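Below is one structure; the comments refer to it alone.
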Amino acid sequence: MKTTMNRLPLYYNFIIEKQHENVQNVSSTLIAKSLKLNNIQVRKDLASISSVPGKPHIGFDVKTILNDLEKVLGCKELDEVILVGVGRLGRTLLNYNGFNKYNLDVVASFDIDKDKVGTVINGKPVLGIETIKSFVNEHDIRIGIIAVSGDAAQRVCDMLVDAGIKAIWNFAPVHLEVPDGVIIKHENLAASLALLIQRYEKSKSEASKTNS
């Protein structure tokens, strides 16, 4: 079961979209229905962080609740991020223009491949991996994304920690060890794909039984 902190980014993204649609107020009922969540849980989550309670039949003021969410999630200001690993996944992440919706800006990438170093992908320079520490210190970077192979991931993780990175988003298919004070989020794409296939096969089997 998702915790409140895990659900808050879902609300944030949804309300950002409503703001772009010039929606003035949003109800917990609409949020719950759109995100397929429990209405009571959504109401409790938002009440726990909102500075102004939602109004009956009107809901929450979009600007106010968005500001409250930004304060809790720590994304009021745009955070600069670096990415390590410019393979297929890394290039895909560099070409993704949706990070700014989450107040993240990937400002540079790093790789060991000399043929890639010096190139630019979607406006992001590819730098030599040996320059990570100096770049992080110079630009006061605190968030890093790992998109390298599993066998290189821990070494890269250690380099980021040594450089001063405090939060790591790991896309490598391995569990990484970090010291106290460093936050890490593992994004297991293989496991997610396996779960997706499992659910698809189950639904296909159930549909077959229904039609037989």
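Can you name the helices (runs of 4 or more DSSP H) wholly within region 39-144 that have at least 1 residues being acidic (D, E) and closer than 24 Å to V156 by Cβ?
132-139
Please find, within region 118-143, the residue that is farthest from the chain's Cα centre (by Cα) out of those that are over 18 Å from L160 (Cα atoms) and of a type in the set (A, V, I, L, M, F, W, C).
If we take residues in region 118-143 being over 18 Å from L160 (Cα atoms) and of a type in the set (A, V, I, L, M, F, W, C), then V120 is farthest from the chain's Cα centre (by Cα).
Can you tell me which residues in region 48-66 are within 22 Å of T3 (Cβ to Cβ) and open to solvent by less than 50 Å² (accessible area, probe 1.4 Å)?
Across region 48-66, the qualifying residues are I49, S50, G54, F60, I65, L66.
Counting only residues that are among the hydrophobic types (A, V, I, L, M, F, W, C), open to solvent by 40 Å² or more (accessible area, probe 1.4 Å) and either farther than 11 Å from V62 by Cα or within 23 Å of the chain's Cα centre (by Cα) (or both), how many does region 1-47 have?
Counting residues in region 1-47 that are among the hydrophobic types (A, V, I, L, M, F, W, C), open to solvent by 40 Å² or more (accessible area, probe 1.4 Å) and either farther than 11 Å from V62 by Cα or within 23 Å of the chain's Cα centre (by Cα) (or both) gives 8.
Check whether at least one residue in region 150-168 is in contact with a strand residue (DSSP E or B) (Cβ under 9 Å, 6 or more places away or on another chain), surrounded by fewer than 11 Cβ atoms within 10 Å (Cβ to Cβ) and at pLDDT 90 or above, and report yes or no.
No.
Could you identify the single residue in I112, I132, I121, I145 that is under 30 Å from Y11 (Cβ atoms) and out of contact with any Ser or Thr (no Cβ under 6 Å at 6 or more places or on another chain)?
I145
The values are calculated or read from the model by the stated rules, or taken from the named source; none is laboratory data. All figures in this text were calculated on a predicted structure; none of them were measured in a lab. Note: ideal-geometry Cβ built from the backbone for every residue, glycine included; neighbour counts use all protein chains shown. Ligands, DNA and RNA are stripped out before the accessible areas are found, and what is left, the full protein with its side chains, is counted by its heavy atoms. Shrake-Rupley method; radii C 1.70, N 1.55, O 1.52, S 1.80 Å.
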